[in-house]
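The values are calculated or read from the model by the stated rules, or taken from the named source; none is laboratory data. Being a predicted model, the structure only gives us computed values, none of them experimental. For neighbour counting, all protein chains shown are included, and Cβ atoms are generated from backbone atoms with ideal geometry for every residue, glycine included. Protein only, heavy atoms only, side chains kept; ligands, DNA and RNA dropped before computing areas. Shrake-Rupley method; radii C 1.70, N 1.55, O 1.52, S 1.80 Å.
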Amino acid sequence: MSSSSIFLFISFSFLLSFSLGTARAASAKLPSSPRALVLPVTKDPSTNQYITTIWQRTPLRSVKLTLDLGGKALWVACDRAEYVSLSYKPALCNSPQCKLAKSRSCDNCWDGPRPGCNNNTCSSVVYNTIERSGQIGELATDILAVQSTDGSNPGRIVRVPNFLFSCGSLFLGEKLANGVKGILGFGKSATSIPSLLSSALGINKKFALCLSSAKGVVFLGDGPYVLLPGVIVSGPTARLTYTPLLTNPISTVHPVIKGFPDQSWPSMEYFIGLESVKINGKTVPLSPKLLKIDSKGYGGTKISTVEPFTVLHTSIYNVITKAFTNAISKVPRVNPPIAPFGTCYKASSLGSTRLGPGVPSIDLGLKNNVTWMIFGANSMVYLNNSEVLCLAFVNGGKNVRTSVVIGGHQIEDNLLEFDVVGSRLGFSSTLLGRQTTCGNFNFTSKV
């Protein structure tokens, strides 16, 4: 071998060794994808809305949002002085982002360019599900940052570039809690936060809600999830019970805005198969027709974080309240009751247990022959400085779209795991009997 050949061989070997070493060093510095993410939740006492916080934009800014379990997507107010970011990008017409959101529009804006107002961009309907209002808003992307978790403690901040969202306005969010700038949707859509984070980070498309009257938590991705003092509430060793998630084939979005396809999609909300109700061990006579979703999308049972209390079709409300009052007929009632509730008692006349006020349990019989037990902490609500206890169910009238809407109060201190791909709901029933609450995730120490 000539001296020049030897030199070339040695040089190539050195460069190859250097390149491989540099690649290994670079890959060692790259953080691995998280297994799960975690969001803190607080309950706003004046509105009963569940509030969470994300980080968004460049530079990063914390953004308070109302949590909507059945919501289509993330939207935030993009008013002129409200939204400032170096990494904001409008979604251009016919781009992959527009196709993912199934947007058919292509718009121009005379008041731009600025966030929420650009030419040659697509848009979507932005919903304020709290007050059942909506408007058309620009689709865009920006940096989103959320906290990772090992299930027991929060970990590093994970940044997701080009995260798709919609621009709303402060006007649209007038009825949101103080300081809230939009809504974070967890519904069954390609643009909801579970779907987008699953695609961006490779985490499983499942999430768990654990709400409370003060602080709570949302997990996205795989468990197990652990609450203090070391209580495993999700995973192979947890005591979750499973029932199928059902699909309402007809959209339940409101309002309907002409020219946008949202009303032609199946509902993005989470329905379950309620088959029976027992109070104090006795079956309550319910209309099977109302418990099923009909061909027009009416009837059935869904879970909502937008409704603060469970809302029932009038006929269901009447038989449940009658059965409940008959079960504790010797306890004097408060008349008139405190609106919007129809059945109230003096708190001092009802005993107290570690599962809440001492009242009969309300047992929901669900598909798969399983039971979700609702005890006093979730069936009753304290009013008038805790002097009055009311049955926390509301008469929704005879023309409700959904016969049973399980509201936020009924799911507090219950862990609900939504396995979107597996189309099933895992539920714990109350965690109070396991000596923990949804406020017991350890946000103070990090991995």
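Per residue of segment 52-67, in order, report the coupling 6.51 cos²θ - 1.76 cosθ + 1.60 (Karplus, θ = phi - 60°) as ³J(HN,Hα) in whole Hz, putting x for Gly and Pro.
10, 10, 10, 10, 8, 5, 10, x, 4, 9, 6, 10, 7, 9, 7, 7
Just to be sure I follow the rule: in segment 47-184, considering lysines 8 or more places apart or on different chains, how many pairs have Cα atoms under 20 Å apart?
10
Which order do 275, 174, 131 take when ranked by solvent-accessible area (1.4 Å probe, heavy atoms of all protein chains), largest first?
Output order, biggest surface exposure first: 174, 275, 131.
Keeping all protein chains in the complex and leaving out DNA, RNA and ligands, what accessible area do you get for residue 380 with a 1.4 Å probe, in Å² to the nearest 10?
Spelled out: residue 380, probe radius 1.4 Å, area about 10 Å².
Between residue 99 and residue 231, take the C-beta separation as r, use R0 = 35 Å, and let me know the FRET efficiency to the nearest 0.05.
That pair, residue 99 with residue 231, gives E of 0.20.
For the chain, divide the Cα radius of gyration by the Kirkwood radius and give the resulting Rg/Rh value with two decimals.
Reported Rg/Rh, Kirkwood definition of Rh: 1.06.
What list of ³J(HN,Hα) couplings, whole Hz, do you get for segment 201-210 from phi and the Karplus terms 6.51, -1.76, 1.60, once you set θ to phi - 60° and write x for glycine and proline?
Ordered by residue, 3J(HN,Hα) equals 10, x, 7, 5, 7, 8, 8, 10, 9, 9 Hz.
Sequence-distant or interchain residues sharing an amide H contact under 5 Å with residue 155, placed H: which?
148, 149, 150, 447
Less than 14 Å Cβ to Cβ from residue 358, Lys/Arg counted +1 and Asp/Glu -1: what total charge do the surrounding residues give?
Residues close to residue 358 contribute a combined charge of +3.
Bin width 5 Å, origin at 0, all Cα-Cα pairs of segment 261-318: what percent of pairs per bin?
4, 14, 24, 25, 18, 9, 4, 2, 1, 0
With Kirkwood's inverse mean 1/r over C-alpha pairs for Rh, give me the Rg to Rh ratio of segment 210-319, two decimals please.
Checking Rg against Rh, the ratio lands at 1.03.
At R0 = 35 Å, how high is the FRET efficiency between residue 331 and residue 190 if r is their beta carbon distance? Nearest 0.05 is fine.
0.10
Figure the gain on full extension for residue 241 and residue 132 (residue separation times 0.36 nm, minus the Cα-Cα span) and round it to one decimal in nm.
36.0 nm
Quantify how much of the Cα-Cα distance distribution of segment 142-281 extends past 19 Å, in percent.
Here the long-distance tail beyond 19 Å is 66 percent of all Cα pairs in segment 142-281.
Give me P(r) over segment 257-403, computed from all C-alpha to C-alpha distances, binned every 5 Å, as integer percentages.
2, 9, 17, 22, 19, 14, 9, 5, 3, 2, 1, 0
Compute from the Cα atoms of segment 182-265 the Rg and the Dmax, the latter being the longest Cα-Cα distance, and quote both in angstrom.
Rg and Dmax of segment 182-265, Cα atoms, are 16.2, 52 Å.
Roughly speaking, what is the stretch gain from residue 442 to residue 87, that is 0.36 nm per residue apart minus the C-alpha to C-alpha distance, in nm to one decimal?
124.6 nm
Give the distance, in whole Å, between the Cα centre of segment 359-374 and the Cα centre of segment 304-332.
Cα centres, segment 359-374 to segment 304-332: 14 Å.
Stretch residue 265-residue 46 to full length: gain in nm at 0.36 nm per residue minus the Cα-Cα span?
75.5 nm
State, to one decimal in nm², a quarter of the convex hull surface area for the C-alpha atoms of segment 65-133, i.e. the direction-averaged projected area.
Here the figure is 5.5 nm², rounded to one decimal.
Jot down the radius of gyration and Dmax of segment 355-408, Cα atoms only, both in angstrom.
Values for segment 355-408 (Cα only, Rg and Dmax): 13.3, 41 Å.
Considering segment 184-224, what Rg and Dmax in Å follow from its alpha-carbon atoms?
My reading of the Cα-based Rg and Dmax gives 11.0, 32 Å.
Top mean-square fluctuation among 386, 152, 267, Gaussian network model of the chain, C-alpha springs under 10 Å?
Sorting by GNM fluctuation, first place goes to 386.
Only Cα pairs under 8 Å and at least 6 apart count here; give the relative contact order of segment 230-369 as a rounded whole percent.
Once divided by the residue count of segment 230-369, the mean separation gives 26 percent.
Amide H to amide H under 5 Å from residue 119: which residues, 5+ apart in sequence or cross-chain, H placed 1.01 Å off N in plane?
109
Please compute the volume of the convex hull spanned by the alpha-carbon atoms of segment 157-200 and report it per residue in Å³.
106 Å³
Taking a virtual spin label 7 Å from the Cα of residue 222 along the C-beta vector, which residues in segment 145-178 bring their backbone nitrogen under 13 Å of it?
Backbone N within reach: 150-151.
In whole Hz, with x marking every Gly and Pro, tabulate ³J(HN,Hα) for segment 392-401 from phi via Karplus 6.51 cos²θ - 1.76 cosθ + 1.60, θ = phi - 60°.
With the stated coefficients, segment 392-401 comes to 8, 10, 10, 7, x, x, 8, 10, 5, 6 Hz.
Give the Rg/Rh ratio for segment 92-175, taking Rg as the radius of gyration of the Cα atoms and Rh as the Kirkwood radius, to two decimals.
Over the Cα atoms of segment 92-175, Rg/Rh equals 1.07.
Over what distance in Å are the Cα centres of segment 165-195 and segment 63-81 separated?
Between the Cα centres of segment 165-195 and segment 63-81 lies a distance of 2 Å.
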